[in-house]
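K.L.:
Have a look at this one.
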Amino acid sequence: MSFKNVGVVGAGQMGNGIAQVVAMHGVSVVMMDVSEESLTKGLKTIESSCDRLIKKELMTTQEKAEVLSRIKTTVHMGDFRDCDLVIEAATENVELKLNIFRQLDEVCPPKAILASNTSSISITKMAAVTSRPEQVVGMHFMNPVPLMKLVEGIRGLQTSDQSFRKVAQFAENLGKTFIEVKDMPAFAVNRILMPMINEAIYVLHEGIASVEDIDSAMKLGTNQPMGPLTLADFVGLDTCLAIMNVLHEGLGESKYRPCPLLVKYVEAGWLGRKSGRGFYNYAG
C-alpha cells in the first residue's frame with residue numbers, strides 16, 4: 001500500500017464506508033466527526049456491513065475483528081497529524097469543505113495528500129485554500145462504498161502528476177476501478193445521473209406518472225436496477241439538490257434548474273431514507 005495511515009473526515013454513510021474499505025485492506029484509519037454520537041453510529045454501520053459480508057461468507061469473524069481494530073475514532077482534527085492521506089467525506093457544502101481543508105492543511109504533515117470525496121464541488125477551489133494545492137485530489141467513491149467498484153479521480157488545476165498517480169494506485173489497491181475526470185461541475189457520474197433524477201422528479205411534479213410507476217418505468221423499460229426516485233431517496237434529497245445547484249450555478253443552463261418539488265421536499269426535511277421519508281415512507 002502506498003499509504004500507511006489514512007484519515008477520514010466524516011463518519012456518515014460515505015465516510016464510514018471509506019473507512020471500512022481502507023481498514024479491510026490492512027491500513028490503519030483515523031475516522032473523525034464532530035460528535036461521539038456520529039462516530040458511534042458510524043462504527044455500528046461498519047459492524048453491520050461486516051456482518052452482512054460474514055453472512056455471505058465473504059468475511060470471517062476474525063477478519064471483522066481485525067477491521068474494527070484498525071479504525072480509531074476521534075472528534076479532534078489534530079489526530080490526523082500522523083496521516084499520509086486524509087479523505088474528506090463531509091456534507092456537500094462548499095464553505096464547510098473549504099474550512100475543513102484549511103484546517104487539514106494546518107494539522108497534517110507537509111507531505112500528506114489531501115483528498116475530497118465531493119460529488120460535485122471544485123477540487124481546484126478547495127486546493128486553493130491550502131499551502132499544498134499540488135497535493136489536493138478528488139477521490140469520489142460511490143455509495144455503498146464496500147460494494148461499488150468505481151472511484152472518480154479528479155485532478156484540480158494545480159494537482160501534480162505524482163499526487164494523482166499515488167491516489168490512483170491506492171484506489172486500485174482497494175480493489176476499485178479508478179477513472180480520470182476533469183474538474184468540471186458534478187464531474188462525470190453526477191453530471192449524467194443527477195439531471196436524470198431531477199427529470200424524474202419533474203415527471204412526478206407535473207403529474208405525468210406516480211412515484212411507483214416512474215420507478216417501474218425506468219427499471220423495466222431501461223433495465224436500471226433501481227428506479228430514479230428510489231435512488232434519490234438512497235442518495236439523500238439534500239445531496240441531490242446540492243449537486244443540481246452546483247450544476248445550475250456552475251454551467252448556467254436552465255436544463256440544470258432543480259425541480260421545485262425537490263426544493264420543497266428538502267425544505268420539509270423529507271430527505272429520503274436517512275430522515276425516514278422522501279418519495280417513499282421509511283418510518284417504522
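K.L.:
Please count how many residues of the stretch 127-171 are hydroxyl-bearing (Ser, Thr, Tyr) and more than 14 Å from ALA115 (Cβ to Cβ).
P.N.:
1
K.L.:
Against the definition (modelled with pLDDT of 95 or more, among the β-branched types (Val, Ile, Thr) and assigned to a loop (DSSP other than H, G, I, E, B)), how does THR124 come out, yes or no?
P.N.:
no
K.L.:
Taking the options VAL167, VAL137, VAL203, name whichever one is of a type in the set (A, V, I, L, M, F, W, C), in contact with a Ser or Thr (Cβ under 7 Å, 6 or more places away or on another chain) and at pLDDT 95 or above.
P.N.:
Criteria check complete, one pass: VAL137.
So that you can scan it fast, the table gives a plain yes or no per residue for (1) surrounded by fewer than 17 Cβ atoms within 10 Å (Cβ to Cβ); (2) touching a Gly at 6+ places or on another chain (Cβ under 9 Å); (3) farther than 24 Å from SER122 by Cβ:
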position: LEU231; (1), (2), (3): no, no, yes
position: CYS240; (1), (2), (3): no, yes, no
position: ILE243; (1), (2), (3): no, no, no
position: LEU247; (1), (2), (3): no, no, no
position: LYS255; (1), (2), (3): yes, no, no
position: PRO258; (1), (2), (3): no, no, no
position: LEU262; (1), (2), (3): no, no, no
position: SER275; (1), (2), (3): no, yes, yes
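K.L.:
Please count how many residues of the stretch 102-161 are touching a residue at least 24 places away in the same chain (Cβ under 8 Å), among the charged types (D, E, K, R) and more than 20 Å from PHE234 (Cα to Cα).
P.N.:
Summing the residues that are touching a residue at least 24 places away in the same chain (Cβ under 8 Å), among the charged types (D, E, K, R) and more than 20 Å from PHE234 (Cα to Cα) in the stretch 102-161 gives 7.
K.L.:
Considering only the stretch 175-220, state which residues are outside any loop (DSSP other than H, G, I, E, B) and acidic (Asp, Glu).
P.N.:
Correct list: GLU180, GLU199, GLU212, ASP213, ASP215.
K.L.:
In the stretch 69-104, how many residues are closer than 17 Å to MET139 by Cβ and either of a type in the set (Asp, Glu) or not assigned by TED's automatic domain parsing to the domain that holds GLY10 (or both)?
P.N.:
3
K.L.:
Kindly check whether there is at least one residue in the stretch 11-24 that is more than 16 Å from ASN143 (Cα to Cα), buried (at least 21 other Cβ atoms within 10 Å of the Cβ) and either touching a residue at least 40 places away in the same chain (Cβ under 8 Å) or not assigned by TED's automatic domain parsing to the domain that holds ALA115 (or both).
P.N.:
yes
K.L.:
Among the residues of the stretch 162-201, write down those that are aromatic (Phe, Trp, Tyr) and without any contact (Cβ under 8 Å) to a residue 60 or more places away in the chain.
P.N.:
PHE164, PHE178
K.L.:
Take the stretch 41-90 and flag every residue that is surrounded by fewer than 18 Cβ atoms within 10 Å (Cβ to Cβ), of a type in the set (Val, Ile, Thr) and part of a helix (DSSP H, G or I).
P.N.:
Those that are surrounded by fewer than 18 Cβ atoms within 10 Å (Cβ to Cβ), of a type in the set (Val, Ile, Thr) and part of a helix (DSSP H, G or I): ILE54, THR61.
K.L.:
Over 17 Å from the mean Cα position of the chain (by Cα), surrounded by fewer than 19 Cβ atoms within 10 Å (Cβ to Cβ) and part of a loop (DSSP other than H, G, I, E, B): which single residue out of GLN162, GLN158, GLN169 fits that description?
P.N.:
On inspection, the qualifying residue turns out to be GLN158.
K.L.:
Considering only the stretch 199-220, I want to know if a residue exists there that is within 18 Å of LEU114 (Cα to Cα) and more than 19 Å from the chain's Cα centre (by Cα).
P.N.:
No: the stretch 199-220 contains no residue that is within 18 Å of LEU114 (Cα to Cα) and more than 19 Å from the chain's Cα centre (by Cα).
K.L.:
Can you tell me which residue within the stretch 12-46, out of those that are among the small types (Gly, Ala, Ser) and more than 22 Å from VAL235 (Cβ to Cβ), is nearest to the chain's Cα centre (by Cα)?
P.N.:
ALA23
K.L.:
Here is a follow-up. Go through the stretch 16-40 and count every residue that is of a type in the set (Val, Ile, Thr) and not in a helix (DSSP H, G or I).
P.N.:
Residues meeting the conditions: 4.
K.L.:
Now for a different question. Can you work out which of the residues in the stretch 92-132 that are of a type in the set (Asp, Glu) and crowded, with 19+ Cβ neighbours inside 10 Å is nearest to the chain's Cα centre (by Cα)?
P.N.:
Out of the qualifying residues, it is GLU92.
K.L.:
Another question about this same structure. Any idea how many residues of the stretch 105-116 are under 20 Å from GLN162 (Cα atoms) and out of contact with any Gly (no Cβ under 8 Å at 6 or more places or on another chain)?
P.N.:
Residues in the stretch 105-116 being under 20 Å from GLN162 (Cα atoms) and out of contact with any Gly (no Cβ under 8 Å at 6 or more places or on another chain): 7 in total.
The values are calculated or read from the model by the stated rules, or taken from the named source; none is laboratory data. Note that the coordinates shown come from a computational prediction; the quantities given were computed from them, not determined experimentally. Virtual Cβ from ideal backbone geometry, glycine too; neighbours counted across all protein chains shown.
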